[in-house]
Amino acid sequence: MFDVLAVRTPTLPPATHTNCYRLGDCVIDPASPYPEEQERLRRWAGPIRRVLLTHHHADHIGGVDALVAATGAEVWAHADADVPFVVHHRVADGDHVDTGAGVLIALHTPGHADGHLAWQLAGTGEVIAGDLVAGEGTIVLLPPEGDLAAYLASLARVRSLAERLWPAHGPPQPAALADQYIAHRHLRTAQFVEVLATRGNCTPEEIAGTVYASVPGANLTLAAAQVRTHLAWLRAQGRVSERANGWGLA
Ligand SMILES: [Zn+2]
């Protein structure tokens with residue numbers, strides 16, 4: 001099974017660390033930009049041949065340069081991953097990587113990030129899930145790349161393939177967590193629609209202030225961004241529209 005090393009990263013609170021995974025000669029998401037953490041990661045990784053990425057967010061790629069410089073490893077990432085370093089191999093959905101300790105299958109799972117990949121250990125229900133789900137904290141879908149339709153489809157896909165999800169933050173989770181995430185997104189969507197139905201046109205900030213008022217410690221800036229992503233999904237279905245004074249039901 002996967003070796004896991006959690007390294008300190010500039011990630012979204014309450015999470016403080018990102019999980020780096022190792023299988024055979026591959027390390028997935030060498031994440032930390034901090035030199036002392038990069039050194040710890042290098043010693044843990046040992047000789048490796050490839051760095052595989054789940055996605056391009058800063059709390060997943062901060063240690064790529066340092067690990068590549070130390071090991072000579074190649075970087076493998078999806079074509080849509082926008083990263084500030086050389087990618088030696090652009091991964092497509094279904095690609096196989098023989099790590100020497102098992103084969104990893106790339107699953108293109110966008111929605112949280114363009115070019116997001118999950119990695120399934122072939123012949124098993126074990127899936128490295130990146131930021132599809134979290135064992136600690138929450139997953140945010142931020143404009144412009146956050147895409148709720150794609151995210152829901154990605155969750156459904158890993159749910160159909162996985163027994164256990166290995167997230168980037170926090171401990172492994174049963175794959176049924178993906179069902180809870182899907183249900184939660186639909187619940188939030190219904191709550192946002194309810195606000196528009198009862199109050200008329202609203203801005204995303206007003207919707208967030210209403211729905212997240214009861215959520216302890218909610219970050220209303222991030223919450224409003226989530227609302228925008230949900231509204232974009234509803235607009236694509238013709239259920240809401242954006243007007244001069246906010247969003248309203250279509
Ligand atoms: Zn992310």
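For region 138-192, rounded, prolate or oblate, judged on the Cα gyration tensor with a ≥ b ≥ c (square roots of eigenvalues), a/c < 1.5 rounded, else prolate if a/b > b/c? Prolate, because a/c is 1.5 or more and a/b exceeds b/c.
Full extension of the chain segment joining V215 with A236 gains 4.8 nm, where the gain is 0.36 nm per residue of separation less the Cα-Cα distance. Semi-axis lengths, largest first, of the ellipsoid equivalent to region 180-249 are 18, 14, 10 Å, with √(5λ) applied to each eigenvalue of the Cα gyration tensor. Let a ≥ b ≥ c be the square roots of the eigenvalues of the Cα gyration tensor of region 60-102; is it rounded (a/c under 1.5), or, if not, prolate (a/b larger than b/c) or oblate? The shape class here is oblate. Distant-in-sequence amide contacts of V91, defined by a placed amide H-H separation under 5 Å and a gap of 5 or more residues or a different chain, comprise A77, H78, A79. Across region 180-249, Cα pairs under 8 Å and at least six residues apart give a relative contact order of 37 percent. Using the average count of surrounding beta-carbon atoms within 10 Å as a protection proxy, the listed peptides 191-198, 79-86, 102-109 rank, highest first, as 102-109, 191-198, 79-86. Normalised radius of gyration (Cα atoms, divided by 2.2 N^0.38 Å) for region 3-174: 0.93. Note on region 180-249: with charges restricted to the Cβ of Lys and Arg (+1) and Asp and Glu (-1), its dipole about the Cα centre is near 180 debye. Our summary gives region 3-174 a relative contact order of 18 percent, counting only alpha carbon pairs under 8 angstrom and 6 or more residues apart. Scalar couplings 3J(HN,Hα) for region 98-103, obtained by applying the Karplus form with A = 6.51, B = -1.76, C = 1.60 to θ = phi - 60°, are 8, 8, x, 10, x, 9 Hz; x denotes Gly and Pro. Summing +1 for each Lys or Arg and -1 for each Asp or Glu among the other residues whose beta-carbon sits under 11 angstrom from that of T210 gives -2. In order along region 112-125, phi translates into HN-Hα couplings of 6, 8, 4, x, 5, 10, 9, 10, 9, 6, 4, x, 9, x Hz, rounded to whole numbers, per the Karplus curve 6.51 cos²θ - 1.76 cosθ + 1.60 with θ = phi - 60° and x for Gly and Pro. Close amide-amide hydrogen proximity is noted between V240 and R235, A250, each under 5 Å apart and 5 or more residues distant or on a separate chain (H modeled in the peptide plane; Pro and chain starts excluded).
Values in this text are rule-based calculations from the coordinates and carry no lab data. Worth saying up front: this structure is predicted, and the values here are computed from it rather than measured. Using ideal geometry, Cβ is built from the backbone for each residue, glycine included, and neighbour counts are taken over all protein chains shown.
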